[in-house]
Amino acid sequence: MPTTMTWSDYGAESTYRPARPTRPTYVPPHLRNNGVFVPNESNQPGIRTAQLGRTGASRGRGRGHGRGGGRGWFNQTERWSPNQSNAPFDISSKFDELEVDHDDEANTVSGSINFEAYEDIPVQASGSDIPPPVSSFAEIDLGEGLNRNIKRCNYVRPTPIQRYAIPIAMAGRDLMACAQTGSGKTAAFCFPIICGILNRNHHSRPGQLACPLSLILSPTRELTCQIHEEARKFSSQTGVKIVVAYGGAPISRQLQNLERGVDILVATPGRLVDMIERERVSLRMVKYLALDEADRMLDMGFEPQIRKIVEQMDMPPSGARQTMFFSATFPNEIQRLASDFLSNYIFLAVGRVGSSTDLIAQRVEFVQDTDKRHHLMNLLQGQRENGTHGKFALTLIFVETKRGADALERWLSMNGFPAISIHGDKVQMERERALNSFKNGTTPILVATDVASRGLDVPHVAHVINFDMPKDIDDYVHRIGRTGRAGKSGLATAFFSDKNLPLAKALVELMQEANQEVPHWLRNSAERASTIASGGHARRFGGSKFGGYDFRRDAYSESENNYYSSTYGNTDPNVDSYAASSYALSHPAAAAACANSYASGWC
DNA sequence: AAAAAAG
């Protein structure tokens, strides 16, 4: 009874794409090398296949293709503003109008969104009784109000993550989902939450103690704001009340908003705990819990706070609420922690777009720490000369420390490159001002710590420079994912110094998987580094370190002598299905049979 | 050792 399915997904099937004859099917890193992905599965009734996908492409040609046509995946152009003006979106739409004429690359794709980039997106789902995906919003009964807002946002078709995650979430299932931010993740968990709240016909009561029906957590203040902005658009005029709570801003105003009633609370952990301890928020009514950038939320720094919120306050236990985790990377270790909060969940991995794909050209240069500034200056001057700098080509520079960010900002500004910095030692006002001034091109260079590495959606980041490399390859994935968004191409340059040797192996693997050219010196250092490091903590995360695949497979394969066997023991129906599917999928013929039996309802 | 998140 296979409950693991692998699809070749053609999310862009109704948009014209130029032929790409010799290119192999793209498989994102987190789905490779795990013996699960079946690239050219073509015998799956009811499931879109490689051939069917192409047929779909011609079928859809009648519907607006070419320049500006076929928007609606995630509309970057015609942003809809609710009642009040919405600065970032207005700016972004101006950018897009202008960009079509400025950006040479716009000529090579249809319109401002590179739909070709969404071709061949593999999807992997595991768990029991997986609801099938949909190919349009109309197939799901989201309700009148929500449909109206989806239309107003100019979302024509669901993105891959939405096509798979929304039916799962609508079925009330817990979910662990790997997908790149910027691929429509926020909507993927907001739509079902809003819909569920509307269906409950629940009316939030104003009062001193706020009892939201839904809680959405994220690791940074800026990301929390961004989610709030989006969620507000989706829920406009539906009566669903959304309140945001984060640190660094006066709590009084946030408390006032809470008093007026709240259905969905979007928050950072610290401020939320504060509010709960003041007895202004109770989680006892929470029916929907969503964590964005979930792997970060459960890493060493955050885990105690999350446990406190989810397990030690008054939130209903897993099973009595619906829990959804989203992230672009999901190491096995963190999946294990996350599974504490989930109940009979479905694991979903949707091919990433934008991060560590061939959409982002990754360059690595060996630069000693003392030469970095000089090297950066050359790079920026080169950019300026060939015009890839300025309002339409923003440059995001990541550094290791907050002090380093300030210092580099000053130095760049003094040397004729208007720059601004963002980091956690700045007061919230400064952080927001910096981000806006970067977004609208006033200062086309932003120097940032990891505060800006995750989730932030800044259009027009053409170049991400890792001035200092991160310690963790996952952080690298998130950082470079700030460019190459919405299917556009981007450039990522890393300054690799001898201090970064421990990262060499993981970096080489990542670059190879993304079809990037790996410099010889880097390959050599990787080999040397691996012989040194291979004895120690080896591979913390098992098979594929990037992105993730369902760690429960590992749990099964090791179940002879592994403590997971008590959780996922032989009595668990899940385990049989893992056994069946991992067998099936490692044997192509059996895989097809397996998929057939699923589709015809045998299992 | 650093960054983020409460003040």
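Within region A:456-480, being more than 16 Å from DNA strand B (Cβ to nearest atom) and either in a strand (DSSP E or B) or in contact with a His (Cβ under 6 Å, 6 or more places away or on another chain) (or both) holds for A:Val461, A:Ala462, A:His463, A:Val464, A:Ile465.
Within region A:273-283, the set of residues being among the aliphatic types (A, V, I, L, M), closer than 22 Å to A:His203 by Cα and either more than 13 Å from DNA strand B (Cβ to nearest atom) or part of a helix (DSSP H, G or I) (or both) comprises A:Met275, A:Ile276, A:Leu283. Could you say which residue among A:Pro158, A:Pro133, A:Pro122, A:Pro192 is modelled with pLDDT under 90 and closer than 28 Å to A:Asp550 by Cα? It is A:Pro122. The requirement of being over 19 Å from A:Lys287 (Cβ atoms), in contact with a strand residue (DSSP E or B) (Cβ under 9 Å, 6 or more places away or on another chain) and among the hydrophobic types (A, V, I, L, M, F, W, C) is satisfied by A:Ile251. Of the residues that sit in region A:216-240 and are more than 13 Å from DNA strand B (Cβ to nearest atom) and not in a helix (DSSP H, G or I), which one is farthest from A:Cys153 (Cα to Cα)? Filtering first and then ranking leaves A:Ile216. For region A:488-508, the criterion of being in contact with a Gly (Cβ under 9 Å, 6 or more places away or on another chain), closer than 20 Å to A:Leu408 by Cα, surrounded by fewer than 24 Cβ atoms within 10 Å (Cβ to Cβ) and not small (Gly, Ala, Ser) is satisfied by no residue at all. If you take the residues of region A:310-334 that are touching a Cys at 6+ places or on another chain (Cβ under 9 Å) and within 15 Å of A:Ile216 (Cα to Cα), which of them is farthest from DNA strand B (Cβ to nearest atom)? For region A:310-334, the residue satisfying everything is A:Phe326. Give region A:160-184 a look and list any residue that's assigned to a loop (DSSP other than H, G, I, E, B) and of a type in the set (Ser, Thr, Tyr), or say none. Once the filter is applied, which keeps residues that are assigned to a loop (DSSP other than H, G, I, E, B) and of a type in the set (Ser, Thr, Tyr), region A:160-184 yields A:Thr181, A:Ser183. Restricting A:His203, A:His228 to those that are assigned by TED's automatic domain parsing to the domain that holds A:Asp299 and at pLDDT below 95 reduces the list to A:His203.
Listed here are the residues, each with its yes/no results for (1) away from DNA strand B (no atom under 14 Å from the Cβ); (2) at pLDDT 95 or above; (3) in a helix (DSSP H, G or I).
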{"position": "A:Leu394", "(1), (2), (3)": "yes, no, no"}
{"position": "A:Ala405", "(1), (2), (3)": "no, yes, yes"}
{"position": "A:Arg431", "(1), (2), (3)": "no, yes, yes"}
{"position": "A:Thr442", "(1), (2), (3)": "yes, no, no"}
{"position": "A:Leu446", "(1), (2), (3)": "no, yes, no"}
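Can you pull out the residues in region A:414-425 that are within 8 Å of DNA strand B (Cβ to nearest atom) and either more than 16 Å from A:Ile397 (Cα to Cα) or surrounded by fewer than 18 Cβ atoms within 10 Å (Cβ to Cβ) (or both)? A:Gly424, A:Asp425 - these are the residues of region A:414-425 that are within 8 Å of DNA strand B (Cβ to nearest atom) and either more than 16 Å from A:Ile397 (Cα to Cα) or surrounded by fewer than 18 Cβ atoms within 10 Å (Cβ to Cβ) (or both). Filtering A:Gly547, A:Gly543 for residues that are closer than 24 Å to A:Val399 by Cα and at pLDDT below 55 leaves a single hit, A:Gly547. Given the structure, is A:Gly270 out of contact with any Asp or Glu (no Cβ under 9 Å at 6 or more places or on another chain), farther than 21 Å from A:Ala187 by Cβ, part of a loop (DSSP other than H, G, I, E, B) and within 15 Å of DNA strand B (Cβ to nearest atom)? Taking the combined requirement at face value, the residue does not satisfy it.
Summed over region A:248-267, residues that are within 23 Å of the chain's Cα centre (by Cα) and either assigned to a loop (DSSP other than H, G, I, E, B) or more than 15 Å from DNA strand B (Cβ to nearest atom) (or both) total 1. Has region A:301-309 got any residue that is crowded, with 24+ Cβ neighbours inside 10 Å and within 12 Å of DNA strand B (Cβ to nearest atom)? Within region A:301-309, none of the residues are crowded, with 24+ Cβ neighbours inside 10 Å and within 12 Å of DNA strand B (Cβ to nearest atom).
The values are calculated or read from the model by the stated rules, or taken from the named source; none is laboratory data. Bear in mind the structure is a predicted one, so any value in this text is a computation, not a measurement. Using ideal geometry, Cβ is built from the backbone for each residue, glycine included, and neighbour counts are taken over all protein chains shown.
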